[in-house]
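Bear in mind that the values in this text are calculations on the coordinates, not laboratory data. Just so we're clear, the structure is a prediction, and the values are computed from it rather than from any experiment. So basically every Cβ, Gly included, is an ideal-geometry build from the backbone, and we count neighbours across all protein chains shown.
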Amino acid sequence: MTTHLFPRNLTAQAAHRVAGNPVTTRTESGVGNCFPGLEFDHRNLDTRFFPGLIFSFGDPAQMLPLLVTVDPSDPALSATKPDGVEALSADVIAALNDLRVGRWRVTSITQGDRTLSLVSIPTVNDPAQIWRLVRDLTPDKVTIVLTQDPIATSGAQAGTPLPPVTKSLTHYRRHYVDADTGVISAAYRPGELTQSLCSPWMHDFRDCACDYWASNHPDIALGGENFPLASNLAAADPDAATRPLDWLRADRASRVAASASARANDALRLRHYQINSAWRTLSFVLEGREIADLYVPDFEPSAVPFPTAEALADELERLCKLELVVMLEYFYAYYSLKQPTGGDASQIQDLTFVRHELLAVIVSEMRHLRWANQLLWTLSQRGMIAPRQPVLVPADLVPTVKGERPRSLRPLSAEALDDFVAVERPSGTLDGAYARVIATLSKGYPVTMLQLARQIVADGMEHFTRFSEISKILSAWPRDDANPAPWLRDISPATRDQASAALKTYDEILLNLSDAYQHGDMEDAANIVKARQAMMVLDAEAEKLAISGFGVPFF
């Protein structure tokens, strides 16, 4: 016995595109969309849910679906299957002439043993709600009741309401896609599925108020200034670099920050008539920043590759120590910040923001420490170097623009913050230290190692932006000689006895991480979980010490 397989995706084999409906109007490739604005408007499928009749679901004056017109040439009315459908089609065809007169609305829908009276739904306040009910119908037999709008009387009967005229019709809810070919029903004309989309499509950039855009429509973006990639960082304006702008603003030169109020932003946006011709002025956004001119990606700083894998490993060990020491400096500074409770509301918000941003940098530095050790492990596992132990000791010196400085546990003073900004500045001390690593990994090493090193550098750019934002926020606080950093608690390093509980937990974290890092790609989940649990304990201990005026003496 020979079995024949019939392909059901014939539209995918078409040698040409059918005029009118682009490929994205196929129901199987469209996003489930309640309103116009994406590939096609799903309501245009359901306007023809009942064979021979075309409805509108967008009449806010009267929520009930309105019969717009009739279609006697509807192919569903000439169908011969299933059994009994020809009699149903005959009844619909017989009613078409009457339905051409006056305004008719769907007042009741029955499918199976359930009847829904549309005139008695108490909570309907949007015609889309009725449409969704119709959309839920299955492609089986359905009965609808059509009621004619009252017709004004004249003569002796003027002012006397006539009894409502109704028609009850039964047919099969339309099969939108042919079961054998996958082609949309021939009842739909070319272009019909897209006819209600925003015209031109750019209007949807302006009209959509739900801010659901994933990538092609940013709500806010940073301005197109060269900062923070400017060569003269000292002369750059950190406020301008971190100020969010409304992407749809009509004045493209404006650098007024976007408002938290949608209404305030809307008043300054391109209007409907403007966007028809001015939409091309909207900037491309790359890396969160508007690009007003030709985009040129940053070039990796040129550096001399290491001559051997062992030399590369030596550098990675140095970088592991560097990642750990700055992380501990940031960690100490984090607990020097006051808790965001009590006092001025704006300062509470500032402290909440600063603590969040600083903690995000600390967590990122933890990942960098993990990744730098990952690179060491990979070199060892591939036999490129002799086996080495994970590196979890902090460096003694921290690079700065003026040379190296001794490591230091300091509160987040303005001076310390300036040092942190300098450490993380683009192509500066910390991410610049990876230049030779990247240059070496570009020469025949596994591509995953190169990607990991580049990710560390990319994160460094984010650290710099976060510290710049922290600096901008805190610089606005009122200060004087008596209180130069009002956001700080008065803390100093505790003795090892005073911080014994915190240091014991810290040692436990290092032990768990060392055991986990021994496994590289084969992550030791148990030890990682233990380390994370210990971090929660360390957080509580460090906060307890900070309340008493002490910081954890990590070194």
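What ranking do LEU286, LEU450, LEU322 get, fewest neighbouring Cβ atoms within 10 angstrom at the top?
Working: LEU286 11, LEU450 17, LEU322 24.
In increasing order of surrounding Cβ atoms, one gets LEU286, LEU450, LEU322.
If R0 equals 45 Å, the separation of the Cβ atoms of ARG103 and LYS81 corresponds to a calculated FRET efficiency of about 0.85.
Here the spin labels are modelled as points 7 Å beyond Cα on the Cα-Cβ line, and at LEU510 and ASP126 they lie 5.7 nm apart.
3J(HN,Hα) couplings calculated from phi for the range 370-376 with the Karplus curve 6.51 cos²θ - 1.76 cosθ + 1.60 (θ = phi - 60°) are, in sequence order, 4, 5, 5, 5, 4, 4, 4 Hz; Gly and Pro show x.
Compare the peptides 452-462, 252-262, 347-357 by average per-residue count of other Cβ atoms within 10 angstrom and give them in order, highest first.
Working: 452-462: 18.8, 252-262: 12.2, 347-357: 16.7.
Descending mean neighbour count gives 452-462, 347-357, 252-262.
Any of LYS402/LYS472; LYS443/LYS504; LYS321/LYS472 with alpha carbons more than 32 Å apart? Name them for me. Beyond 32 Å between Cα atoms: LYS443/LYS504.
Working from label points 7 Å from Cα in the Cα-to-Cβ sense, the ASP113 to TRP477 distance is 7.0 nm.
Placing a label point 7 Å from the Cα of SER346 along the Cα-to-Cβ direction, the residues of the range 462-487 whose backbone N falls under 13 Å from that point are 473-479. Label point of THR138 set 7 angstrom out along Cα-Cβ; within the range 96-118, amide nitrogens under 20 Å from it belong to 109-117. Modelled this way, with points 7 Å down the Cα-to-C-beta line, the labels at ALA414 and SER73 are 7.9 nm from one another. Exposure proxy for PHE555, PHE50: other Cβ atoms within 10 Å of each Cβ, ordered fewest to most, give PHE555, PHE50. Applying the Karplus relation 6.51 cos²θ - 1.76 cosθ + 1.60 with θ = phi - 60° to the range 331-348 yields 3J(HN,Hα) values of 5, 4, 5, 4, 7, 7, 6, 5, 6, x, 9, x, x, 5, 5, 5, 6, 4 Hz, where x marks Gly and Pro.
For the range 454-531, take the alpha-carbon Rg, divide it by the Kirkwood Rh, and send me Rg/Rh. Don't jump to the answer; show the numbers that get you there.
Values: Rg = 19.3 Å, Rh = 16.8 Å.
Reported Rg/Rh (Cα atoms, Kirkwood Rh): 1.15.
Computed from the C-beta positions of GLN389 and LYS544 and an R0 of 35 Å, the FRET efficiency is 0.60 to the nearest 0.05.
Going by how many other beta carbons lie within 10 Å of each one, how would you line up THR107, THR143, fewest first? If you can, show how the numbers build up before the last one.
Details: THR107 18, THR143 15.
Taking fewest neighbouring Cβ atoms as first place, the list is THR143, THR107.
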